[in-house]
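Reviewing the structure listed below.
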Amino acid sequence: MTLFLLSFFLIYGLMHGYAFLRTRAAIHLGGFPGILLGLFMLLMILAPVCIRVLEQRGYEETAQALSWGAYLWLGFLFLFTVCALTFDGWRLLGVAASALTKRDLSAFLPAAGIAFFVPLALSVAACVYGVFEARDIRTERIVIETDKLPAGMERFRICQISDVHLGLIVRDERLASMLDVVKREKPDLFVSTGDLVDGQIDRLSLLAGQLRDVRSPCGKFAVTGNHEYIAGIDKALAFTRNAGFDILRAEARDIGGFLTVAGVDDPMGRGFGLRGGENGEGKLLASLPRDRFTLLLKHRPTVEESTRGLFDLQLSGHTHRGQIFPFNWIVRLYFPMGSGLHRVGGAQVYVSRGSGTWGPPIRFLAPPEVTVIELVRKKRDGNTGGATDG
């Protein structure tokens, strides 16, 4: 965690420095306006810490207002940095090409003003669009064919939410939008694959009631994500249980004699009493009956070598599909299964883009989702499943 925070503030500080220099060069900002811009950027760098302190001391409304402004700025600054660096790279390549060819190629290069104001306009537009995209909950439909359904059952429906991040920004209205989708689908089973909460969770009891109102005849199950530990694992577990979920921590539950739901803690739990130990996932899955459909709930989209062949379907989240393009390219370096349905050996892994937002309350080219998984009786042609956007 310490390394992550140091890396975050280093990169975030460099982004601010770059944006400050680009702004000053483009509009010749100096004197008092330059000092004001510098002070504003310093406040934005420190804002995540200020928000956390305000939240811990009970100044929730102030923390909420600051979080909206600070995290919208974070999203804008990321987009501006990417756009501006793209233009700078274009100009740099042009200068290099001119030197190599000994020709004047300046007519093909953007002027300094254009290289600042076009990225500025594009970033503002992307942020505005991203605020609306973050609220556009998509229904992602996945069909998985299996020969493990009992006689007389043609389909079994599972609804998945993931990475909701209930906290200062994701509250009643956005949670209600997600749960409206779930209620409309009338799932047999309802699952949450981690990061249900975010930050301080002392004042989220009403949100637990919204989740508790969702009915699913075969149960509601959840696993921990990394943010459950950041928020405070004991409080996070209490909230999740109050919301009506059975939390699976290196545990499994039998559903109707044909399906086993297994769940494991997020690796963040290594410093907080990880359930099941380092190889808890492998031991758990190895102990389960193979004649039943095994559904594994696991926050991060990774598959351990020791678990291959021990589950039928894994549901995960964590990646947000980057949340803000092109951050998904960086995410895929760490998690090749960035989103969607993947085949791993004889099993399948589905990675949700997430239902909420973390940090900036925007999504850009990575819309939020509620996933509907249909287990259906396997057809004779041997087709094993597919995914469609709803």
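The values are calculated or read from the model by the stated rules, or taken from the named source; none is laboratory data. In this text the structure is predicted, and so the values were computed from the model without any measurement. Because the Cβ atoms are built from the backbone with ideal geometry, glycine has one as well, and the counts that use them run over all protein chains shown. For the accessible areas, the whole protein counts, side chains as well, though only heavy atoms, and no ligand, DNA or RNA atoms are used. Shrake-Rupley method; radii C 1.70, N 1.55, O 1.52, S 1.80 Å.
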What are the residues whose amide H is under 5 Å from the amide H of residue 135, where those residues sit 5 or more places off or on another chain and H is modelled from the backbone?
none
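Probe radius 1.4 Å, ligands and nucleic acids ignored: give me the carbon and sulfur share of the accessible area of the chain as a rounded percent.
62 percent
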Work out from phi, with θ = phi - 60° and the Karplus expression 6.51 cos²θ - 1.76 cosθ + 1.60, the ³J(HN,Hα) of each residue of segment 141-150, listed in order in whole Hz, and give x for Gly and Pro.
10, 10, 10, 10, 8, 8, 9, 9, 6, x
Quick one: Karplus J couplings for segment 316-328, per residue in order, coefficients 6.51, -1.76, 1.60, θ = phi - 60°, nearest Hz, x for Gly and Pro?
9, x, 6, 7, 6, 6, x, 6, 10, 4, x, 4, 4
Taking the alpha-carbon distance from residue 235 and a cut-off under 14 Å, which aspartates and glutamates remain once sequence neighbours fewer than 8 residues away in the same chain are dropped?
195, 198, 202
Kirkwood Rh (inverse of mean 1/r, distinct Cα pairs), the chain, angstrom:
22.8 Å
Calculated from DSSP H runs of 4 or more alone, at -39500 (n - 2.57) each and per residue, what is the 222 nm mean residue ellipticity of the chain, nearest 500?
-14500 deg cm²/dmol
Honestly segment 228-315 on the Cα gyration tensor test (a ≥ b ≥ c root eigenvalues; a/c under 1.5 rounded, otherwise a/b vs b/c for prolate or oblate) is just oblate
If amide hydrogens are placed 1.01 Å from N in the peptide plane, which non-local residues have theirs closer than 5 Å to the one on residue 364?
324, 325
Within segment 179-290: Cβ-based charge dipole about Cα centre, in debye rounded to nearest 20 (Lys, Arg +1; Asp, Glu -1):
300 debye
Any lysines whose Cα falls less than 19 Å from that of residue 378, other than same-chain ones fewer than 8 residues away, would be 148
Tell me, what ³J(HN,Hα) does each residue in segment 29-35 have, in order and in whole Hz, if you take phi through Karplus 6.51 cos²θ - 1.76 cosθ + 1.60 with θ = phi - 60° and put x for Gly and Pro?
7, x, x, 4, x, x, 5
Per DSSP, loop chymotrypsin sites (Phe, Trp or Tyr not before Pro) in segment 35-103 with at most 16 further Cβ within 10 Å
59
Measure nothing fancy, just the Cα-based angle from helix 172-185's long axis to the longest principal axis of the chain, in degrees from 0 to 90, nearest 10.
40 degrees
Per the charge dipole of the chain (beta-carbon charges, Lys/Arg positive, Asp/Glu negative, Cα centre), the residue among 170, 156, 101 reaching farthest to the positive end is 101
May I ask for the angle, rounded to the nearest 10°, between helix 112-134 and the longest principal axis of the chain, with both axes built from Cα atoms and the value confined to 0 to 90°?
20 degrees
Among 186/283; 283/379; 220/283, which pairs are too far apart, with a Cα-Cα distance over 29 Å?
186/283; 283/379
Can you give the accessible area per residue of segment 159-312, in Å², using a 1.4 Å probe?
37 Å²
If you line up the long axis of helix 2-27 against the longest principal axis of the chain, both from Cα atoms, how many degrees apart are they, to the nearest 10?
40 degrees
Taking amide H positions as placed 1.01 Å from N in the peptide plane, with prolines and chain starts having none, which residues 5 or more places from residue 348, or on another chain, fall under 5 Å of its amide H?
313, 314
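Can you tell me which of 190-198, 305-313, 111-119 comes out highest on packing, and rank the rest after it, using the mean Cβ neighbours within 10 Å?
So the order, starting with the most tightly packed, is 190-198, 305-313, 111-119.
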